[in-house]
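The block underneath contains the structure these notes are about, expressed in structure tokens.
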Amino acid sequence: MNFFPLITQTLCHIFSSSFTPLPDPIFIFFFNLENPNPISLHGSLTSKTMPVIAAKRTLRSHPSSPPRKSPRRCTAATPNSTPTKNRLGGADENQADPAAVKPKWNPKDGEQLKRAKMALHLSTAPSSVVCREEEQNMVLEFCKGCVEHQKAGSLYICGCPGTGKSLSMEKVKDKLLNWAKEEGLPLPDVLSVNCTTLTNTSDIFTKILGLNQTQGKKVSALPLQQLQNMYSQKSSVKNMTLIVADELDYLITKDRAVLHDLFMLTTFPFSRCILIGVANAIDLADRFLPRLTSLNCKPIVVNFRAYSKDQILKILEERLNEFPYSVFQQQALELCARKVAATSGDMRNALCICGSAIEMLEAEIRESACNLNTSLEEISSSRQNFATAPDFMKKREFDTVKTDHMACALSKTYRSPVVDTIQSLPHHQQIVLCSSMKHFRGAKKDAILGELYKSYVGVCKSCLIPPAGILEFSNMCRVLNDQGLIKLGQSREDKLRRVSPKIDEGDITFALQGIRFFQNCL
């Protein structure tokens, strides 16, 4: 009797049942090619014990049979399942591309260390000025209009130090010259002057005259008078003159004549000056050039705001993207951007702090190398079975600038003797400083001791601690006055003594921000 169909049926039932227990015992058969009768490990099979199969069952491997997948091989992917390779040997699409992750740099390589420092140096101009596209477009469109219509004009750029004013003007000059060349217009003459380099404030007119004066002509008049005469009559010269006067507030004299005469050059009927003044003071035109407003020739003001945390982070990443490796830990850059944006928003401070953080890592590597040499000498002298030098180095591997290096650099930059003094004060004296900072945060510059005591009691009650009495509070204010942290006036009654701050609010915030008690107060 042919048992092959029965065996096939039994095996198919086993693999298609998803490992559910069968009611009957499972038999395993061994076939002998010479003897076609099956032999059971469980017992011998005869025709009496096995049912007769009426029809031959078609195998799954038969061409005419429909395709059927085993449930065991068709398990659905779960969120926790790990990505596997496909049948062709390719990687799964969900796997991260290894090329997208930058390798870590080697700070022990002197060349890599030098390149990282140069990329963050103040003298290194970036390839593009990011986060200042809107301001650059405003200045560029103004200059394009003046060049295209042969019309003079003045523009004043202001903003806090380190906000990209001078760097943006360099990019604007290059873009303006490229635009004029593409449009087929006469290229404007460009004069960039840093007013801090002038010996006399009136020397700026000599520099402007040098661009417009014809060779061979010698006139005895003053440079300012020559420029005024030149711009009062029509000339055959069609080139415009772009003047970028950086650090413009250095031209402010007692009578303000130089600054006023400079902007007045753009008001003459045949003037070809495009004057761009750059300074930090926001209200310079209102305070020092009131006559320009009355003459309806007040310069257009473009304000460069202080950088935010996201902008500082983006600029730092833009400078570091040129490297094929990661120099800084991302959290370290975010810490630097957050601190600089909270204090001043000065991008120059951020670059200096990052360079200082690299120096912290460099010093740590040197210290580790000295400790390694000392450890190896001790190991060789004791002749014990310690870790080898390469294993020891792996444990102290330095691959990126981490948050602890950045924190040390920030502390080195913003720390001052005042901060050390505040941190060494007793707890209640720190509360007095914190309450005084909150009291003077508005327009108030001084207050009487009684008002300050009320603020101190309010802070203590909000923190659920008992406040000191008025006499003890007065004594604490005397101690703070002796240390130069506050100024305490004279009066017959302690409550009526005038109190005013003598230190910056930022020093108090920086000194107390690491103490959990003052986090809500600050």
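The values are calculated or read from the model by the stated rules, or taken from the named source; none is laboratory data. These numbers were taken from a predicted model, which means no experiment stands behind them. When we count neighbours, we look across all protein chains shown, and the Cβ atoms used for this are built from the backbone with ideal geometry, even at glycine. Note: accessible area is taken over every heavy atom of the protein model, side chains too, but ligands, DNA and RNA are not part of it. Shrake-Rupley method; radii C 1.70, N 1.55, O 1.52, S 1.80 Å.
Across the stretch 417-518, the mean sequence separation of Cα contacts (distance under 8 Å, 6 or more residues apart), normalised by length, yields a relative contact order of 36 percent.
Rounded to the nearest whole angstrom, the semi-axes of the ellipsoid equivalent to the stretch 183-274, taken from the Cα gyration tensor as √(5λ), stand at 22, 16, 13, largest first. The gain in end-to-end length when the S500 to C463 segment is fully stretched comes to 10.9 nm, 0.36 nm per residue minus the alpha carbon separation. Model label points for E472 and S424, set 7 angstrom from Cα along the Cα-to-Cβ axis, are 2.4 nm apart.
Quick note on the stretch 417-518: its Rg to Rh ratio, both from C-alpha atoms and Rh being the Kirkwood radius, is 0.92.
Only protein atoms count toward the accessible area here, which uses a 1.4 Å probe; on the stretch 417-518, the carbon and sulfur part of that area reaches 53 percent.
Here the accessible area of the stretch 240-336 is 49 percent carbon and sulfur, with a 1.4 angstrom probe and all protein chains present.
Packing, taken as the mean count of other beta carbons within 10 Å per residue, orders the peptides 334-344, 486-496 from highest to lowest as 334-344, 486-496. Label zone (S192, point 7 Å along Cα-to-C-beta; backbone nitrogen cut-off 19 Å) within the stretch 149-164: 155-159, 161-164. Here each label is just a point 7 Å from Cα along the line to Cβ, and for T400 and E134 those points are 3.1 nm apart. Protection proxy ranking, highest mean first, for peptides 353-361, 172-180: 353-361, 172-180, where packing is the per-residue count of other beta-carbon atoms within 10 Å, averaged.
Given their separation in residues at 0.36 nm each and the Cα-Cα distance between them, S308 and T253 gain 16.4 nm when the chain is fully extended. Computed from label points 7 Å out along Cα-Cβ, the spacing between T199 and F517 is 6.2 nm.
Suppose R0 equals 45 Å. What FRET efficiency, 1/(1 + (r/R0)^6) with r the Cβ-Cβ distance, do S236 and S368 give to the nearest 0.05? The pair S236/S368 has a calculated efficiency of 0.05. Our estimate of slack between R287 and K175, defined as 0.36 nm per intervening residue step minus the Cα-Cα distance, is 37.1 nm. Charged neighbours of N303, selected by a Cβ distance under 14 Å, balance to -1 (K, R count +1; D, E count -1).
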